[in-house]
Amino acid sequence: MKQYEWINMLKVRGSVGRVGLPSPGTGRFYYQNKFGAGSNVVFGNPNSNFSAPTYIQTQYGNPYVTFEESLKKNIGLDVLLFHDKLSITADIFNDTRSNILTTRSASSFATYGATVPSTNYGMNYNQGYELSVMYRDQVKDFTYSVTGNLSFARNERRILDEAPGLASNLKATGTRLGTYFGYHVLGFYADQNDIDKSPVNKVTSFTSIPGDFKYQDINGDGIINNQDVMPIGHPNIPEYNASLNLQAGYKGFQLSVLFNGVTNVSSNVIFQSATLGQYYGPMLDRWTPDNPNPSRPASRPGLVANPNESLNDFMLQDASYIKLRNVQLSYSLPRQVLNRLRLNGLTILVSGQNLITWTKFYGLDPENTMTGNAYAPATTTIPTTKVLNFGLNLSL
Amino acid sequence: MNKFIYLLSLVITITAVSCQKDFLQRDVGIQTDLDQVFKDPLQASRFGDFTYTFSINDYGRLSGYKGMTSQFTDESIANNAQTEVATMNSGQWLDGGASDVTGIYTQMYRGIRNANLMLKMMEKTPRTPEYNVNYIKGEQLYLRAYFYFELLRRFGGVVILTEAQDFTAASEDLPRNTYDETLTQILTDVDQAISLLPLTNADWPNPAAQANRATGAAGMALKARVLMFDASPLNNTAGDAAKWQKAAAASKAIIDLGKYSLEANYANVLTIANSNEYIRIWPRGGRGFIGTYLSDFLIPTSMGGAQSNLSPVQNHVDLYEMKNGKPITDPTSGYDPQNPYLNRDPRFYVNILYNNVTWQGRAIETWQTEPNAQGVITYGRDHGTAVSVTKTSYYLKRLWPEASRSGSTANALLNYVFYRYAEVLLNYAEATNEATGPNEEVYKSVNAVRKRAGMPDLPEGLSKDDMRARIWNERAVEFAFEDMRWWDILRWKKGAAYVAKPMTGMRVIKNTNGTFSYTVVELPAFQKVFNEHMYLYPIPRAEMNKTSGALKQNPGWE
């Protein structure tokens, strides 16, 4: 075995587990019906009317309600090599979550006439891997380590409460959590003639103008409306998460740098400021007759529901980013100096968070994905803040 | 030490005693079983009263309170295109935002379920003098008939459920019943309700608190309305006179009760608390100003409101006859297009606010000037280019009590009227005219309504067709903005003639010498769509998505 001495540890792990999970938000007595006071109804003389109390069913219980179930499987590998200098941890997992408590309102007919209790019905499937590699070493007084993490997770909504007759482009079953549904852009309306011979855009009450997005009429009914959206882009939850952590120390100095990046994520882009009534800079490259291949559609008077601002695959942006998440540099005074000062410890440190972002996304922050297509809430999303700390740690 | 042992044993005893109770026991007062609820007559009757809450109970009920069915018609337009009105105006009735399609479908079935549950469970409740099973049963049957009629007049035949389903059956794909089956169901329920209920409000025990529940007379009024609907061109393509006869008889039965009469003053019809004209109303206590349909839907900022999103159109204004009883289209009527508001039907002055009329202590100014040399147009203070001011130079007066003004704490009554006696008279006149022609009875009924309004009698010797036109006009004017016009247009099959017509408004130009000139202008931006298949609403798309084929869509909406 001598030739394998460079392997300090090699461990293969595996697990299969089935767990029951309480459904969020249902409370302990979800199996029961409950009754209580309802809104009043008015009878009598309008001048001195009598507000009659009513009595209603306040909870529609499901006597068959049970736990949600999660079947988790995982295979992992732990390796330590070269005198523990290199450590590798790898995992492959999948997780089938079933019996998810779901309101069957999309498949229950309105003729039933009441709230349908939630039933254990839905199923999600999640699979992926995680990999972590660390290398650390020491050269005399210089210590350093490099840690890289990479994870990938992809989920699929396997069973959802959806009406069987729902058009296939509107179905969320089979898509990932956080999937965007939006219009597919075919191009820009070149002129009025182009508008006239295209399906009518009824996305908003505004009539189309040249330079507006030409959306695809998916169901072919001659009208473009909310029935013509489809899954577009990546979900609003990143599928790849990666980080890189570098640490180094030399005598009293300690330096730590953390990068963090994600990809396979999309975020909507807004056109205009909600409060200022102004378009953002990229709108300079808007459609005009002289600029038929722009990055933005024609401009319209600000602050109105604009059909071009409805979620669509032209404007939905790749929200991948790499951020310099954290940097910290510290210096601890050596023992001899401390003794002279009659101190137990003195550390000076500088640290910063979210210092640099590398992204192609135009907007305040790729990290806060903008899921809606209404610009007002999107612009009020607060970006992550950049923080700089200076510190002095004194121990007496 | 002894003390300590004593204390300890006490604690143990208390714990032991308390443990004898089931500590998982629910809070008292929370009931978990419908049978339990129905053991108490008070709770049972309150459970039944909940059925009322599913009624349609106000005029402004679309987009919160910012839309009315009036805006679907040639009465008025929606200045700001509120979704729930705009979807109807543009013919997008399958859109989820068309709440008069989607919302009502759900709301009515919720009411029907509650009525069905009540009808089934009420027998289990012990009888007390207050728990009058006849009345309760009558109320539920009346309401069920009312709900099914609201569905019938929109969708035609619908799925009939007379028993509440178990939730496990909620996804059962049920076919629609036919129009005739639904109609029969309504008539069966309403006939039984009439026989069970107190006849009028006054016959309810303690009317001060119980009036305006369902009554026998309300049932009769509903029945008359249902039979009118069934006899109308929409459902009576063959022109079967027997259907009109039945409708006439149903209205005559109410007239013959001798319990109802017209309110003396038309202007008081919605605003008075009690009237012999009301057959059934939804009593509305004094209405506030801010955050209600008043300030947020009808009243422009210039009058202290937040926005005005309904403009009565010229199409409607032109329907008011001259005071002498002649339509303005009659060359001998004396109508002066340059003085259009002089000597009109007095109801015009009750229903519409127009340029230069005095309202809340000042003149309404919906004039504008011709552009000056710089091209600038000056507007009167109640007019302008903003979205939420009138687009037609008119404001709605009918549903805006004069006491309702900004800063005033006065609460003005404005009831939602389900049925009033004038409708019975005009139903009777219309049905009789269709069944037998313009006989004396027809004249008597229409003239009674006209007389109360301050209008002269209809001219003698009208043909049946002329009489029909006069009655239709009478209804348009008498029930203006009362959630009536839309349903009349649908049952008359006059959508193309009235709704798809260009909407018009009045441009009032203030001349430099202070006089006004009037021009009728078309409003292409407010053009409404009405196609032949729109006499029946579509079954909501969300509902059609659920079916595997049993539930069928109405023609033209597939």
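Points worth noting:
- Across chain A, the longest piece that holds none of the trypsin sites (Lys or Arg not before Pro) lying in DSSP loops with up to 13 other C-beta atoms within 10 Å covers A:29-139.
- Computed log₁₀ I(q)/I(0) - Debye formula, equal Cα scatterers, no solvent, chain B, q 0.09, 0.10, 0.11 Å⁻¹: -0.72, -0.88, -1.05
- Rg over Rh for the protein assembly as shown works out to 1.07, both radii taken from alpha-carbon positions and Rh defined as the Kirkwood radius.
- Size of region A:127-279: Rg and Dmax of its alpha carbons, in Å, are 24.4, 77.
- In this structure the amide hydrogen of A:THR58, modeled in the peptide plane, comes within under 5 Å of the amide hydrogens of A:LYS34, A:PHE35, A:GLY36, none closer than 5 places in sequence on its chain.
- Shielding by partners - mean other protein chain Cβ count within 10 Å, residues of A:100-111: 6
- With Cα atoms defining each centre, region B:226-294 and region B:382-401 are spaced 28 Å apart in the structure.
- Calculated accessible area for chain B comes out at 39 Å² per residue, all protein chains present (probe 1.4 Å; ligands, DNA, RNA ignored).
- Ordering of B:62-68, A:347-353 by packing is B:62-68, A:347-353, highest average first (other Cβ atoms within 10 Å, averaged per residue).
- Reachable lysines, given that their alpha-carbon falls under 19 Å from the alpha-carbon of A:LYS323 and they are not under 8 places away in the same chain: A:LYS360, A:LYS386
- Using distinct alpha-carbon pairs, which all enter the 1/r mean, Kirkwood radius of region B:93-220 in Å: 15.8 Å
- Tail beyond 21 Å, pair distance distribution of region A:180-396 (Cα, percent): 64 percent
- Cα gyration tensor shape for region B:308-449, rounded if a/c is under 1.5, else prolate or oblate: oblate
- Peptide B:205-212 is shielded by partner chain Cβ atoms: per residue, an average of 5 of them sit within 10 Å of its Cβ.
- Overall dimensions of region B:156-261 as given by Cα atoms, namely Rg and Dmax in Å: 16.9, 50
- Mean-position separation - Cα centroids, region A:231-283 and region A:147-202, in angstrom: 24 Å
- Shielding by partners - mean other protein chain Cβ count within 10 Å, residues of A:113-121: 4
- Straight-line cross-link partners of B:LYS493 among the lysines, defined as a Cα under 19 Å from its Cα and at least 8 positions apart when in the same chain: B:LYS243, B:LYS464, B:LYS501, B:LYS528.
- Within straight-line cross-link reach of A:LYS34, lysines at Cα separation under 20 Å, skipping those fewer than 8 residues along the same chain: B:LYS39, B:LYS120, B:LYS124
- The value obtained for region B:417-558, namely the Cα convex hull volume divided by the number of residues, is 198 Å³ per residue.
- Span-rule helices in chain B, defined as complete DSSP H runs reaching 30 Å or more along the axis (Cα) with Kyte mean at least -1.0: B:99-121, B:133-155
- For the pair A and B, the buried accessible area comes to roughly 4400 Å² in total, with a 1.4 Å probe and the value rounded to the nearest 100.
- Shape call, region B:449-527: gyration tensor on alpha carbons, a/c limit 1.5: oblate
- Rg over Rh [alpha-carbon atoms, Kirkwood Rh] for region A:1-85: 1.58
- Relative contact order [Cα under 8 Å, 6+ residues apart], region B:472-539, whole percent: 30 percent
The values are calculated or read from the model by the stated rules, or taken from the named source; none is laboratory data. Note that the structure is predicted; figures quoted are calculated from it, not measured. With ideal geometry, Cβ positions are generated from the backbone for all residues, glycine too; neighbour counts draw on all protein chains shown. Surface accessibility is based on the protein's heavy atoms, side chains included, excluding ligands, DNA and RNA. Shrake-Rupley method; radii C 1.70, N 1.55, O 1.52, S 1.80 Å.
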